[in-house]
Structure formats: C-alpha cells, structure tokens
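FYI, it's all coordinate maths here, none of it is from the lab. The shown structure was predicted, so the numbers you read here are calculated from the model rather than taken from an experiment. Every residue, glycine as well, gets a Cβ built from its backbone with ideal geometry; the counts of neighbours run over all protein chains shown.
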Amino acid sequence: MCALASCGPTKLTISHANLKPNGAPATPTLVDPGTDIKTWENTKRPQLQSELQKSVYGFLPDASSTRTLAHEVLDPNAYDGLGTIEEYTLQATATFKGTSTETSPFKMVVVTPNTSGPHPVILMESFCPNHNTVDHPKVSRNAEGFSCDGGGVTSKIMLYVFGRYISTPPMEMILQDGYAFATIFPSEYVPDSPDAGLAALKNLSPDYENEETRWGAIAAWAWGYSRMIDTLEQDPRFKNIWIPYGHSRYGKAALVAGAFDPRVSAVIAHQSGTGGASLNRRKKGETVKEITDTFPHWFSKTYAASAGKEAKMTSDQHALLALNAPNPIFLGNARRDVWSDPNGAFRAAQGASPAYNIYKKQGLKQDGLKPYHPDADISFYIRPGTHGVVKEDWPAFLEFLDAHFK
Ligand code: GCU
C-alpha cells in the first residue's frame, strides 16, 4: 500500500509545520459589488466569475449532467444504528461550446441519519478514497488500489502529522447533529497527478489548447461537488441545503463550487491557502510559482504565467470569497500553517465583505484573527497548530452549520 506523502494520485508537502508566522499585511483590496443587488448579480458578479476562470481556474463547462449507473444500500444500520450507508456509481457529462464528453464512472458514498428528515447534506471530497472517508468494509475499494490507510507506521505518522480527522470525519458526531454526508474521491475522474490529471482534463475538454475551453483540476473537482447535488437534489430525504466541505486543495475546490453553483448553501473551506481563500498579491506563504510548478494540472495556464507578476493579476482571491455571497462561508486556519497564509485569508475575507453588504449582511464580523464567530457570514476560525484536520476542527465546523441552519 501507498504512503500518503510519497505516492499515489496525491502529493502533499509537510513543510507547513516548520514555517514561522508572517507579519500583518497591508490594507486589503475591496471587491466592488456596485451599488445594488441587481448590478452585482447581473453585471459585476458575472464579470468576476469570468475573470477568475480566466486568471486562475480555467473555464467550467457551459452545461453538465449526471447519470446514476448503479445504487445500492450497503448498511441500513451503520454507526451503531445511527445511519444508513449507500453507494452510487455515477457518470457525469461536461458540455463545452456544444461538444459533450463523459467522465469515467466514479463512486459516491452517502450516509443518512436514521432520524426523520429532511436533512441538510455535507458534501466532502478528499485525497483519500471513499473507503477511508467512510470506514466500512462494504464501501468499494477504488480501482487503482490507492489507500491513505497504508497501515503500520506510515498511517500513524500521517495521522500524527495531519490530525485524526484528515481522512475520516467523525461520522457519529455528524449524524447525531442531524446532517447527512456524501463523499466522492475526485481522483476517480481527474487524478491528482500532473500527467494523469492533465490527460483526464484533456479528454474532458474538446479543445484543450484553447484557453476558453481549458479547465484545471481544482475547477473539475469543484464541478464534482455539483454532480453530487445533481444526484441527490430530487431525493426527499434531503433538505435543499448543500454544503461543500474540503480541506486544503479540496477547500479551494469547495470555494469554487460555492462561487459557481447557485444551489450551494454554504461552504466549509479548511486551510484552503493559495488558489483558495488566501490572496495571491501578498506573496506570503505558498507562491503562485510554487503551486503551479508543483501542481501544473490544478489551474489555468494564465495563473502559472502570472507567477512573479501577481500585482498585475486582474483579480485576486477576495473575489472568490465575494462570489459566495450571500452564503455563509467558514474559513478554517491554523497559526503555524503559514504555508496557507491565514493572514492572507483574513485580508481576502475583509476584501469580500462589500459583496455581503449589498445583501444587507455583514460578511466578516471581526477585525482581528480572533475570536471565532460561528454565526458570521464569513466565519474566520483560527486554532493553534499546523496543517491538518484535528480534534477541535469538526466541532467548530458543526457549530458554524448549526448557527446558520438550525
Ligand atoms: C500542498 C499544496 C497546497 C495544498 C496542500 C494540500 O501543500 O502546496 O496548496 O493546499 O498541498 O492539499 O494539503
């Protein structure tokens, strides 16, 4: 089996722990939402969407759909009777300028509380396969045989470095709080490695060399959250509340899902960093050069070309947060995770708040990194420690959701 930090479709750097916090940044750039909701929604918002696609993520399909190829109840009494586990096999279609392509089939695992619904749904993507996320013997093993749970010392090190919930969320806690949970392993349709990832993206984009139709893996994974919604939105067991959750690279994707899919209700983006909540122009933490050199399959070509020229970029990450307005968003951070640049995420949150103000909402509710306000529209959370998902994180995520949806 494969060690998480060294092989498989994912590549993690564990340098986060060694970096020192950086200083406070300059005044943030504020998003300009116009003077009213109509101007924001009809003019400014589409402009920002198009700029962000062009300058950072690449272009999402013009139209999409999702087919269920198979569906099975795996365990109606999982987690000591708290929930039902189901597995779907899905295939999605992406249409760019009238030409459609299909993904390879991929699995979605859904866990629903065994209490009366309808339930809001937390949607998770991860660098670990579904059988690590929903730890049940009946969940399918993915085709490549990759697992985050290599067993033995490697697994122990991974959990020690990245926290006990890095791959497996506390499902009992989630179910007891009344949330349903759905997950996919997006590497099943766009693998997280430069060669295989770029090849899959190329297959899904009919005119890949054209900047107008090219997309990066972060956008393709963001699109995956929407495919989960396609599948579940007609099911009366679920409330029409869809919450993409992701850590790090999938925190970036979760924010993109919220910025482009109007069905999304809230986003939990934990330590999303560069290409996520943190500003590019600050040049703190991970730089555009570092991220696009290491992960050439994640973003648009224009993003890579702007390395070292961040000041000239036509938009920045506060626009990504603003595009989530008026939905609540949770931005998770850790003090020593300076690779993800918590200060840059805070400045982006300040810069995004005017878009919330247009809806008579406050946006960010604090002028320092602390305290945490779970009820804020932009809920900024910072804890001690480093990059990962640790014991206190899920209670904070659920506190945020409860404050907004209960
Ligand atoms: C790397 C990468 C980050 C990313 C992180 C992760 O550290 O440089 O941009 O967020 O992996 O996904 O854990």
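Summarising the label geometry, the points placed 7 Å from Cα in the beta-carbon direction at GLN91 and THR115 lie 3.9 nm from one another. The lysines whose alpha-carbon is closer than 19 Å to the alpha-carbon of LYS309, local same-chain residues fewer than 8 away aside, are LYS54, LYS283, LYS284, LYS289, LYS301.
Of interest is the spacing of the C-alpha centroids, which for region 235-268 and region 308-337 amounts to 16 Å. Hey, could you get me the Stokes-Einstein D for region 261-406, Kirkwood radius over alpha-carbon pairs, 10 °C and 1.306 mPa s, rounded to whole µm² s⁻¹? Translational D for this selection: 102 µm²/s.
Full extension of the chain segment joining THR29 with ARG164 gains 44.9 nm, where the gain is 0.36 nm per residue of separation less the Cα-Cα distance. Here the simple spin-label model places points 7 Å from the Cα toward Cβ, and for ASP36 and LYS312 these points are separated by 3.9 nm.
Between LYS202 and LYS406, the contour length at 0.36 nm per residue exceeds the Cα-Cα span by 69.2 nm.
Each residue, ASN77 and LYS370, gets one label point 7 Å from its Cα in the Cβ direction; the gap between the two is 4.6 nm. Protection proxy ranking, highest mean first, for peptides 308-314, 342-348, 268-274: 268-274, 342-348, 308-314, where packing is the per-residue count of other beta-carbon atoms within 10 Å, averaged.
Antiparallel versus total DSSP beta bridges in the chain: what percent is that, nearest 5?
Restricted to the chain, the bridges split so that about 55 percent are antiparallel.
Pairwise alpha-carbon distances in region 81-178 exceed 17 Å for 60% of all pairs.
Rounded to the nearest 0.05, the FRET efficiency derived from the C-beta distance between GLU290 and ILE157 at R0 = 35 Å is 0.90. By the gyration tensor of its Cα atoms, with a ≥ b ≥ c the square roots of the eigenvalues, what is the shape of region 213-264: rounded for a/c under 1.5, prolate for a/b over b/c, or oblate? Because a/c hits 1.5 or more and a/b exceeds b/c, region 213-264 counts as prolate.
Scattering from the C-alpha atoms of the chain alone, worked out with Debye: what is log10 I(q)/I(0) at q = 0.07 1/Å? Scattering profile of the chain, log10 relative to I(0): -0.28. Put a plus charge on the Cβ of each Lys and Arg, a minus charge on the Cβ of each Asp and Glu, and nothing anywhere else: the dipole of region 37-405 about its Cα centre is then about 1240 debye. If the chain linking GLU209 and ASP195 were pulled fully straight, counting 0.36 nm for each residue of separation and taking away their Cα-Cα distance, it would gain 3.5 nm.
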